Amino acid sequence: MTGCCVCCSALRPRYKVLVDNIFPEDPQDGLVRINMEKLTFYALSSPEKLDRIGQYLEKRLNREVKGHRIEFVFIAMDALDQLLVSCHAQSLNLFVESFLKMVQKLLECDEPELQISATASFVKFANIEEDTPSYHRRYDFFVSKFSSMSHSGLAKEETRQKIRRAGLHGLQGLVRKTVSDDLQVNIWDPVHMDKIVPSLLFNMDDPSFLATDAESPRDEEHPSYIAEIVFRDLICRASYSSIKSVVGPVLIHLDNHSLWVPNQFAVKCFKIIMYSVQAQYGYIVITSLLEHLDHHVKSDPNIKGGIVGVLFQAVLISAGGSIGTSVLEVFNILLRHLRISVDNKSQNTEMRNKEIEFEDEVINTIGQFANNLPDYQKIEIMMFVMGKFPQFTSDEDVGGAMDSQLQMNLLKTLLKVATKYKTVTFSNTFPPEFLHPLLRMSLLDDPQMRVTVQNILQTLIDRHNNTVKLKHVVLPADVSQLDLTTEKASRQDILFMKKSGMQFYWHIYENMQMSSNKVDNFEALFCTMSLLAIELGDAEILLELLRLALDIQKMVVTSAGLPITHKCAIHGLIAAYINILAYLSSISSLAEYVQQVIETRKKEAKCLLPDFAYNRNNRPNRLSDLENSEDYRSSDLVKENCLFDQNKIAECLSSSGHDASRLSSSFIQKPYNAEMGGVSRSISDIQSINIEIESVDGSPSTYRKQYDEEITVESLKKMLAESSGANKDSEDKRRLEILETFRTAPFEEIVARSEAKSNHFHNKLNEILDNVEDPSERLLTEEDDETGSQATIPVFQMQFPDLFVY
Amino acid sequence: MEDYKYLFKVVLIGNAGVGKTCLVRRFTEGLFPPGQGATIGVDFMIKTVDVDGEKVKLQIWDTAGQERFRSITQAYYRSANALILVYDVCCQNSFDSLPQWLNEIELYAGSKVLTFLVGNKVDKMSKEIPTQIGQQFAQRYDMTFIETSAKECENVEKLFMDIARGLTKRARDLNLQPEENNEFPSGGSTPISTFSCCKI
């Protein structure tokens, strides 16, 4: 220890002499430059001595530290740094050992200055690329110490910031040093990440720093800023397997510091993560968030809401990559939380409101996820969501236990997804296996839900943003005032309408006579009908829509069950609708006729006009008011001249060269009118089969494929019993009508229909062949069905001409 | 060359405000800081003591008691050789949360960790937890019990010296280096590498 004696210097090894010489007499003078150069040269020329130089320097440094000769300590560190930087030899490895020991020594000191200087040296070291493996080198102490420095709580603001900054730089150096090299210690180990990540987040979460807006020049030396940079650096280096060990501590930190509510900081963190993470791993972050949501199942809805809010932002950023491999799983988790939240019926209104907020967040997020999917998957997702409705699951479940609130939420979800969908062609938007359940839902009990279903339909049908213009039932003399955007319907869409139009018509028709309808319902129906006319405004389709309007009118006139207000509303709706049809078909005589009827109504039956029927202000409060009301006096018996006359419309049409013959055959049958009155949920198993049989245009095979779970022996039995009795008459009528249709309908239409049918047959066949999981049973069901319906219902025989067309 | 024979990591845990930082500072710096603020995250101190003529270096990690820092402090006692679980003898609440702390220790700390239970602030008049109760509790969970006062410097030295002795004895008994996984003695004369002070 006393080897500094000058007289002994000749006896001592050369490296010791060189090392001793770099220290000046007076510490104020700093490192002796010339001697330092000599030492460096020596080290470079005989690298095998480097480790000894290191050891000797270390010894000196220890002595200086003990004696609190700070200046000398700095000089020793300076020398070490220079040696480290200039020497790139194999033997650096051993030298590094001494070097790190010295850094640790300094870090253990209480002096902030020494700690900072040690960190600076460490960072320099971290930037050196070593070419030899160092399996045994461990950084535990450094991770612990730097993390602890990042949390520095020193009283003096300036020193505290310096120490924190040093700690953060040290952590960054550590990450840089170890991350790229497999031979180094695994920094991604949770032991380390659990210290590093919270330290970074702790510094990032500085309210005073967050407050400064992005515009103002940032204090680049602020620990918060540095922490952010280090954090980004860390994230972008993370590989597939290590993302989780970073995101995990982040989530725990946010939990512990209750940073989910409000979630600005959480959002900020995850924005950084999402922007920095390698794009292909983005979905892991999303998955982690989803899993974290699972952890919080029982937590306060506010917290859950915060998490989902973050999720939403994250999904927004990650775009296409957000979903990863398991699309449905993501939606399943979110839908499950939606359900849990709804089931979580809290008596407390405040809690309930929070839950509702959370539900809305979830729905928005689902929408955002869906937005990132290609269109065809959106339809899939909508079908998946619909699958969550009890009606569509197995029979036993239909017990009605399903919470209406959940249904409402699911519908909102559907709507959200639907709004993200851009319709191009209708056949793509509405594959039969999607369209049918959707339409089926349009007949739900709850009027509010029906409105939502209509909204879904509208957003899917509307391609030209006309929905807003048709939100209310209006009857302008000049329809062009509405400023509707129209475009000629493509051939494909017309074909689609020929195939599936009947389903739309039938459901609209049924919807009209729901006794629970409210003004909103009628308005929504009007909107849907008008959109259909606008988007698919081909002459023939318009004709069918006219026919639909007339049928509805007929229904209103003949039906006894509907309240007066409904009748008026429907009359008004039809007037407005035919008005639009007249405009779209640009048949001037029809438009004139509409105006004529409207004028008559203005004089004699104001209540049949939308201005009256859809004016929310003059709605009667009580039934008695309604009975006695002057305005309604004549509406029980609507005069003929106030109605739209089928023959006159036909005249108008034929005068402008349209084929009006089909207008006379009302295509809407009401085969189970009686049942409708009693049970307002019109769709039960048998009925859905009946629809298939009744509607000529329908595609029975598709229906069956989809609802094959509904075709049970029981239902077939019921059908057998019923069809022979109650429906006999209508059956006969139907038969006549089908005959009529084939006699009068244009050839193309018949072709289109049979084409559709054969397509479906084809699809069906494929479906059966594909269905390998339970082929025997499935086939059996089909056969049963086939024979059953043929034996009982002669309608199918009448369909043979259909096939002969080909 | 190293200036110590053994290196041990000691971690202090316990509720916020029981006097962990004061204990450490009393021991390492010999002073009682009045108006000590709450520790943020983790603080670090080092002290070398003499056990039977051998230098023993104690790395003392002083953790924050606040709930929000729980996750980062947990990360620290994973690798501890000794834990000091502190409660305030004048605060029933801090005593009541001991089982919770023990639970954490079981979850995160190594199985061989040496645990001390410390009732701090005995200088105060309004003592709520009698020595007897603390003693019993410590016995039940196989901890060493000691009552201290950082302010009056009572038993502080003894506490850390006991730990140093206990750990040294254990290290010698096992005839091992204190770090089991220290398979690479680095260049110096001592078998202990400071870089291998990790074990899970």
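The values are calculated or read from the model by the stated rules, or taken from the named source; none is laboratory data. Treat the numbers as computed from the prediction; the structure is a model and nothing was measured. Every residue, glycine as well, gets a Cβ built from its backbone with ideal geometry; the counts of neighbours run over all protein chains shown.
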Number of the exception - A:Glu523 against (1) touching a His at 6+ places or on another chain (Cβ under 7 Å); (2) modelled with pLDDT under 85; (3) assigned to a helix (DSSP H, G or I): (2)
Enumeration of residues in the stretch A:557-579 that are assigned to a loop (DSSP other than H, G, I, E, B) and crowded, with 17+ Cβ neighbours inside 10 Å: A:Ser559, A:Leu562
Which numbered condition A:Arg60 fails, given (1) over 18 Å from A:Gly30 (Cβ atoms); (2) basic (Lys, Arg); (3) out of contact with any Ser or Thr (no Cβ under 9 Å at 6 or more places or on another chain): (1)
Positions within the stretch A:258-282 being away from every other protein chain (no Cβ under 14 Å) and not hydrophobic (A, V, I, L, M, F, W, C), in sequence order: A:Pro262, A:Asn263, A:Gln264, A:Lys268, A:Lys271, A:Tyr275, A:Ser276, A:Gln278, A:Gln280, A:Tyr281, A:Gly282
The one condition in (1) away from chain B (no Cβ under 13 Å); (2) without any contact (Cβ under 8 Å) to a residue 24 or more places away in the chain that A:Ser86 fails to fulfil: (2)
Some residue of the stretch A:277-293 being outside any helix (DSSP H, G or I) and more than 17 Å from A:Ser341 (Cβ to Cβ): yes
Test: residue in the stretch A:541-554 that is modelled with pLDDT of 85 or more, among the aliphatic types (A, V, I, L, M) and within 16 Å of A:Asn641 (Cα to Cα): yes
Those residues of the stretch B:21-45 which are within 13 Å of chain A (Cβ to nearest Cβ), closer than 21 Å to B:Leu85 by Cβ and not in a loop (DSSP other than H, G, I, E, B), in sequence order: B:Thr21, B:Val24, B:Arg25, B:Thr28, B:Val42, B:Asp43, B:Phe44, B:Met45
Search result, residues across the stretch A:243-257 that are within 7 Å of another protein chain (Cβ to nearest Cβ) and farther than 14 Å from A:Glu291 by Cα: A:His253, A:Asn256, A:His257
Residue match in the stretch A:105-123 (condition: within 14 Å of another protein chain (Cβ to nearest Cβ), assigned to a helix (DSSP H, G or I), more than 24 Å from A:Leu154 (Cβ to Cβ) and not hydroxyl-bearing (Ser, Thr, Tyr)): no
Residue in the stretch A:494-514 that is of a type in the set (S, T, N, Q), more than 26 Å from A:Ser654 (Cα to Cα), in contact with a Ser or Thr (Cβ under 7 Å, 6 or more places away or on another chain) and in contact (Cβ under 8 Å) with a residue 60 or more places away in the chain present: yes
Failed criterion for A:Met274 (all others in (1) out of contact with any Phe, Trp or Tyr (no Cβ under 9 Å at 6 or more places or on another chain); (2) surrounded by 19 or more Cβ atoms within 10 Å (Cβ to Cβ); (3) closer than 23 Å to A:Lys354 by Cα hold): (3)
Residue match in the stretch A:489-503 (condition: surrounded by fewer than 21 Cβ atoms within 10 Å (Cβ to Cβ) and more than 23 Å from A:Ser754 (Cβ to Cβ)): no
Candidate set from the stretch B:142-200 (those that are under 16 Å from B:Val56 (Cα atoms), crowded, with 21+ Cβ neighbours inside 10 Å and modelled with pLDDT of 90 or more); member that is farthest from the other protein chains (Cβ to nearest Cβ): B:Leu159
Odd one out for A:Ser45, checked against (1) more than 14 Å from chain B (Cβ to nearest Cβ); (2) in contact (Cβ under 8 Å) with a residue 12 or more places away in the chain: (2)
Odd one out for B:Gly17, checked against (1) free of Cβ contacts under 8 Å to residues at least 12 places away in the same chain; (2) away from chain A (no Cβ under 13 Å): (1)
Answer from A:Lys101, A:Lys105, A:Lys145 - the residue that is touching a residue at least 12 places away in the same chain (Cβ under 8 Å), under 18 Å from A:Leu83 (Cα atoms) and not small (Gly, Ala, Ser): A:Lys101
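Enumerate the helices (runs of 4 or more DSSP H) found wholly within the stretch A:1-100, keeping only those where 3 or more residues are over 30 Å from A:Phe146 (Cα atoms) and at pLDDT 80 or above.
Numbers: elements: A:14-22, A:33-45, A:50-66, A:70-86.
Here the list reads A:14-22, A:33-45.
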Residues being within 11 Å of chain A (Cβ to nearest Cβ) and either surrounded by fewer than 20 Cβ atoms within 10 Å (Cβ to Cβ) or touching a Cys at 6+ places or on another chain (Cβ under 6 Å) (or both) - total across the stretch B:46-69: 6
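Can you tell me which residue among B:Val122, B:Val86 is buried (at least 22 other Cβ atoms within 10 Å of the Cβ) and either at pLDDT 90 or above or among the hydroxyl-bearing types (Ser, Thr, Tyr) (or both)? Can you show your working first?
Numbers: B:Val122 fails: buried (at least 22 other Cβ atoms within 10 Å of the Cβ).
From the options B:Val122, B:Val86, the qualifying one is B:Val86.
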Residue match in the stretch B:73-93 (condition: touching a Cys at 6+ places or on another chain (Cβ under 7 Å), part of a helix (DSSP H, G or I) and away from every other protein chain (no Cβ under 13 Å)): no
